[in-house]
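Engineer: Sharing a structure with you now.
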Amino acid sequence: MKLSFGLTLKPHEKYVLRRKFTHISGVTYVFCIWFFTELFGFSLAVMLLVAIVMFMMSIYVAYNFLKFLGIHVKSLGKLWKTFGSPEFLNGEEYYWDVCWLGLFLSISIVLSLLVADVRIAYVMACTVILGDGFAGVVGTIAGKHRIPINPKKTFEGHISGFLVAFVVSYMLTQSFLMSLIGTGVGMIVEALPSKISDNATVPISTTLVLIFLKFVFGGFL
Amino acid sequence: MTKNFLWFVRFLFLTMFFLLELLCGILSFFWFANLEFPFFVVKEKMFKFILTLILLFASALCLLCFNLLTEFERKKGLEKRVF
């Protein structure tokens with residue numbers, strides 16, 4: 001796959017772009033939340049989504065499990081590389097990012113089920129999938145001003161990621177405050193330097209903040 | 001590949017992570033299909049949600065432990081492999 005668009009990108013930046021486009025393709029998850037909720041109701045939709053994510057993730061875990069035992073399945077290795085999940089990229093490790101994302105998307109959606117609010121699930125999924133994805137794409141292509149506390153991230157990327165996530169989650173939830181606070185918190189957490197993958201910290205922080213606000217403000221959100 | 005004590009602990013965590021997330025997937029699929037798991041019958045809906053959450057947290061914890069041990073082993077230089 002050639003990703004040039006008339007831009008001069010370094011090899012690792014091409015990988016980052018591929019990774020982020022794969023990230024954005026996770027928008028199907030947001031669609032599935034809506035579709036399954038319409039079809040089966042929120043509680044059954046959550047159960048189905050958890051099952052699908054766990055089964056898909058288990059293929060990746062099985063591949064890495066075999067690799068741990070010294071058995072290399074080359075075809076699967078090529079597949080991960082195509083979708084932009086190299087083992088090492090720019091000195092960083094990306095082995096378990098997929099698993100962190102799958103686990104914490106599932107944890108967050110079950111938490112939003114416990115308070116019976118599908119809007120929390122929408123905001124959380126939009127923030128981690130669209131916010132993070134667009135922040136990475138715009139940051140790689142047009143990012144110039146680095147965030148002082150985390151020089152790997154850029155202001156341009158974060159602002160565009162926030163805007164996209166906010167607009168889409170507002171369209172889905174019709175709640176201005178919930179979308180604004182949820183995506184805002186998510187993007188702030190994303191900007192913070194952390195040893196744990198942002199695919200884990202962003203969904204859980206967004207969900208917990210929104211659950212807290214729901215209890216404090218109730219119907220106001 | 002040297003199989004020292006740490007290797008076995010990491011193997012244990014990775015296996016637990018794999019099994020727990022598979023179990024979580026199977027259980028939630030059973031509950032979605034409104035079936036009962038043959039030797040683990042749960043009637044209460046809320047208990048199903050909480051149990052799913054516990055399984056997910058437990059598998060995340062196993063993955064975290066595995067990652068921390070891997071990092072520890074790499075820092076110590078005990079293991080040259082990527083894992």
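Engineer: Answer yes or no as to whether B:K43 is in a loop (DSSP other than H, G, I, E, B), at pLDDT below 85 and either more than 8 Å from every other protein chain (Cβ to nearest Cβ) or open to solvent by 50 Å² or more (accessible area, probe 1.4 Å) (or both).
Structural biologist: It is true that B:K43 is in a loop (DSSP other than H, G, I, E, B), at pLDDT below 85 and either more than 8 Å from every other protein chain (Cβ to nearest Cβ) or open to solvent by 50 Å² or more (accessible area, probe 1.4 Å) (or both).
Here is a yes/no grid of residues against (1) part of a helix (DSSP H, G or I); (2) at negative phi; (3) in contact with an Asp or Glu (Cβ under 7 Å, 6 or more places away or on another chain); (4) of a type in the set (A, V, I, L, M):
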{"site": "A:T140", "(1), (2), (3), (4)": "yes, yes, yes, no"}
{"site": "A:S160", "(1), (2), (3), (4)": "yes, yes, no, no"}
{"site": "A:L177", "(1), (2), (3), (4)": "yes, yes, no, yes"}
{"site": "A:I181", "(1), (2), (3), (4)": "yes, yes, no, yes"}
{"site": "A:E190", "(1), (2), (3), (4)": "yes, yes, yes, no"}
{"site": "A:T206", "(1), (2), (3), (4)": "yes, yes, no, no"}
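Engineer: Here are the criteria: (1) in a helix (DSSP H, G or I); (2) farther than 18 Å from A:V27 by Cα; (3) of a type in the set (A, V, I, L, M). Tell me which single one A:I196 does not satisfy.
Structural biologist: Of the numbered conditions (1) in a helix (DSSP H, G or I); (2) farther than 18 Å from A:V27 by Cα; (3) of a type in the set (A, V, I, L, M), the odd one out for A:I196 is (1).
Engineer: Considering only residues that are open to solvent by less than 80 Å² (accessible area, probe 1.4 Å) and polar (S, T, N, Q), which ones fall in segment A:23-33?
Structural biologist: The answer is A:S25, and nothing else.
Engineer: Still on this structure, I have one more. Give me a count of the residues in segment A:34-70 that are open to solvent by less than 20 Å² (accessible area, probe 1.4 Å), among the charged types (D, E, K, R) and either at pLDDT 95 or above or farther than 21 Å from B:S59 by Cα (or both).
Structural biologist: 0
Engineer: Within segment A:116-136, does at least one residue satisfy the condition of being of a type in the set (F, W, Y), at pLDDT below 95 and surrounded by fewer than 21 Cβ atoms within 10 Å (Cβ to Cβ)?
Structural biologist: No: zero hits.
Engineer: Pick out the one residue from B:L19, B:L23, B:L12 that is open to solvent by 60 Å² or more (accessible area, probe 1.4 Å), under 22 Å from A:I59 (Cβ atoms) and away from every other protein chain (no Cβ under 11 Å).
Structural biologist: Answer to the check: B:L12.
Each row is one residue, and each column tells you yes or no for (1) under 21 Å from A:T37 (Cα atoms); (2) open to solvent by 30 Å² or more (accessible area, probe 1.4 Å); (3) touching a strand residue (DSSP E or B) at 6+ places or on another chain (Cβ under 6 Å); (4) among the hydroxyl-bearing types (S, T, Y).
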{"residue": "A:S112", "(1), (2), (3), (4)": "yes, no, no, yes"}
{"residue": "A:G143", "(1), (2), (3), (4)": "no, no, yes, no"}
{"residue": "A:I149", "(1), (2), (3), (4)": "no, yes, no, no"}
{"residue": "A:I159", "(1), (2), (3), (4)": "no, yes, no, no"}
{"residue": "A:A165", "(1), (2), (3), (4)": "yes, no, no, no"}
{"residue": "A:V168", "(1), (2), (3), (4)": "yes, yes, no, no"}
{"residue": "A:T207", "(1), (2), (3), (4)": "yes, no, no, yes"}
{"residue": "A:I211", "(1), (2), (3), (4)": "yes, no, no, no"}
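Engineer: Out of all the residues in segment A:91-100, is one or more modelled with pLDDT under 75, of a type in the set (S, T, Y) and either more than 30 Å from A:Q174 (Cβ to Cβ) or part of a helix (DSSP H, G or I) (or both)?
Structural biologist: Yes, because at least one residue in segment A:91-100 is modelled with pLDDT under 75, of a type in the set (S, T, Y) and either more than 30 Å from A:Q174 (Cβ to Cβ) or part of a helix (DSSP H, G or I) (or both).
The values are calculated or read from the model by the stated rules, or taken from the named source; none is laboratory data. Since we're looking at a predicted model, the values are computed, not measured. So basically every Cβ, Gly included, is an ideal-geometry build from the backbone, and we count neighbours across all protein chains shown. These area figures cover heavy atoms from the full protein model, side chains too; ligands, DNA and RNA do not enter into them. Shrake-Rupley method; radii C 1.70, N 1.55, O 1.52, S 1.80 Å.
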